[in-house]
Amino acid sequence: MDNTINFFEFLAIAINLGSIAFIAGIFFQVIVVVKYNKPWTWGKLTFLLISTRVVSLALTILIWKYWFLPFNMMQGPVLIPSIIAEVIACPVMLRFFKHRIFNKPTALV
């Protein structure tokens, strides 16, 4: 029995198992961009979402490869490395595309 897997099969498995976290990340980024940052364009938003998912998928694979924690990666229907990757990638890519949740600091006066 052959126990090898090529990269594209592994990529498909990572996309399939991490889909819940990726969809949640898309909703988060759309809400942040639409609610807090005006004006925005569909092209820039689409590019932000696609580039964030590529970075997040790469981080998911990296975290999956070097998993060291004593519990399973799958907690119910959620892949924990994809959640960790989304938590890292979403704010970084929003900052890279110059989208901020708060534009000005508020003074407590």
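The values are calculated or read from the model by the stated rules, or taken from the named source; none is laboratory data. In this text, all values refer to a predicted model and were calculated from it rather than measured experimentally. Positions of Cβ are generated from backbone atoms using ideal geometry, with glycine treated the same way; all protein chains shown enter the neighbour counts.
Residues in region 39-65 that are more than 17 Å from Leu11 (Cβ to Cβ), surrounded by 12 or more Cβ atoms within 10 Å (Cβ to Cβ) and not charged (D, E, K, R): Trp40, Leu45, Phe47, Leu48, Leu49.
For Thr52, state whether it is modelled with pLDDT of 85 or more, β-branched (Val, Ile, Thr) and in contact with a Cys (Cβ under 7 Å, 6 or more places away or on another chain). Yes. The residue of region 1-39 that is nearest to Val78 (Cα to Cα), among those that are in contact (Cβ under 8 Å) with a residue 40 or more places away in the chain and outside any helix (DSSP H, G or I), is Gly18. Of the residues Lys38, Lys104, Lys65, the single one that is charged (D, E, K, R) and modelled with pLDDT of 80 or more is Lys65. Taking region 59-85, which residues are in contact (Cβ under 8 Å) with a residue 24 or more places away in the chain and among the aliphatic types (A, V, I, L, M)? Answer for region 59-85, where residues must be in contact (Cβ under 8 Å) with a residue 24 or more places away in the chain and among the aliphatic types (A, V, I, L, M): Leu59, Ile61, Met74, Val78, Leu79, Ile83, Ile84, Ala85. Can you give me the number of residues within region 42-63 that are in contact with a Leu (Cβ under 8 Å, 6 or more places away or on another chain) and more than 12 Å from Phe97 (Cα to Cα)? The number of residues fulfilling the criteria is 3.
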